[in-house]
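Structure record follows, encoded as structure tokens.
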Amino acid sequence: MLYSDERRLHVVVPLPDGPCEVFVGHAPSSYGGDVEEQAAKAWWRETRRLILAGHRVGRPLVLLFDANGRVGGVPSLAVGGVDPQEEDVNGSELHGLLNELDLCVPATFLSPPGNCWTWRSGRNGAVHRIDYVAVPLDWAYKCTAAFCDDDLVLDEAGLGRVDHRASVVGIAPQVRAAPPESSFKGVVFCCSCA
């Protein structure tokens, strides 16, 4: 483990292709006004600092984030235009971090349109994509799937309603790294936070 606190976890995961860093984050909401926006921006600054402090250059980095933010309205190499939503404060912070770290969110490029939501509001039932799996840009060609899994859901506090659905990304193994006798079929990264 490289780092942990109540909203972040940074670990190294052994994979057949070599070690991979996984950083899990749960951003605070930025929808309560100026105080919440400033707290969210401070959280993103500290998260960026922690990632950069612990990340070893040359080791792949995967982010699993409940970003409490929306992206897609500003397409880039990091964020595609599938089911775009107007970027909010947390979405903009996430987008900037993705660009800085040369990461992309495959679900914003590959997911089937119309079913990309990962969170349902308990107040009004509105749905939004706020949970993301981000992978290195040079893994984009290895993405075999990106979707929301209805079988991997979180029931908020046992109330009998879906709060979050898992964002799933499948990555094919590198052919050169897996010998023919290997049973390694790839890796699946999944993110669903509450």
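The values are calculated or read from the model by the stated rules, or taken from the named source; none is laboratory data. Note that the coordinates shown come from a computational prediction; the quantities given were computed from them, not determined experimentally. Glycine gets a Cβ as well: all are built from the backbone with ideal geometry, and neighbour counts include every protein chain shown. In case anyone asks, the SASA skips ligands and DNA or RNA and just uses the protein heavy atoms, side chains included. Shrake-Rupley method; radii C 1.70, N 1.55, O 1.52, S 1.80 Å.
Per-structure values
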read-out: Residues within the stretch 67-77 that are surrounded by 23 or more Cβ atoms within 10 Å (Cβ to Cβ) and over 19 Å from residue 50 (Cβ atoms), tallied; value: 1
read-out: Residue, farthest from residue 55 (Cα to Cα), within the stretch 1-18, restricted to residues that are in contact with an Asp or Glu (Cβ under 9 Å, 6 or more places away or on another chain) and not charged (D, E, K, R); value: 13
read-out: The stretch 101-131, subset without any contact (Cβ under 8 Å) to a residue 24 or more places away in the chain and in a loop (DSSP other than H, G, I, E, B), residue most open to solvent (accessible area, probe 1.4 Å); value: 123
read-out: Filter result (at pLDDT 90 or above and either out of contact with any Ser or Thr (no Cβ under 9 Å at 6 or more places or on another chain) or over 20 Å from residue 133 (Cα atoms) (or both)) within the stretch 1-17; value: 1, 2, 3, 4, 5, 6, 9, 12, 13, 14
read-out: Some residue of the stretch 80-96 being charged (D, E, K, R) and assigned to a helix (DSSP H, G or I); value: yes
read-out: Near pairs, Cβ below 7 angstrom, 6+ apart or cross-chain, from the stretch 138-160 (outside any strand (DSSP E or B)) to any residue that is modelled with pLDDT under 85 and open to solvent by 80 Å² or more (accessible area, probe 1.4 Å); value: 156/194
read-out: Any hit, the stretch 32-51, residues being part of a strand (DSSP E or B), within 18 Å of residue 99 (Cα to Cα) and aliphatic (A, V, I, L, M); value: no
read-out: Residues satisfying the stated conditions in the stretch 47-71, i.e. under 14 Å from the mean Cα position of the chain (by Cα), over 13 Å from residue 95 (Cα atoms) and touching a residue at least 60 places away in the same chain (Cβ under 8 Å); value: 61, 62, 64, 66
read-out: Test: residue 64 is under 21 Å from residue 172 (Cα atoms), surrounded by 15 or more Cβ atoms within 10 Å (Cβ to Cβ) and of a type in the set (A, V, I, L, M); value: yes
read-out: Among residues of the stretch 80-100, those that are closer than 22 Å to residue 144 by Cβ, out of contact with any strand residue (DSSP E or B) (no Cβ under 6 Å at 6 or more places or on another chain) and buried (at least 19 other Cβ atoms within 10 Å of the Cβ), counted; value: 2
read-out: Search result, residues across the stretch 15-59 that are open to solvent by 50 Å² or more (accessible area, probe 1.4 Å) and of a type in the set (Gly, Ala, Ser); value: 29, 32, 39, 53, 58
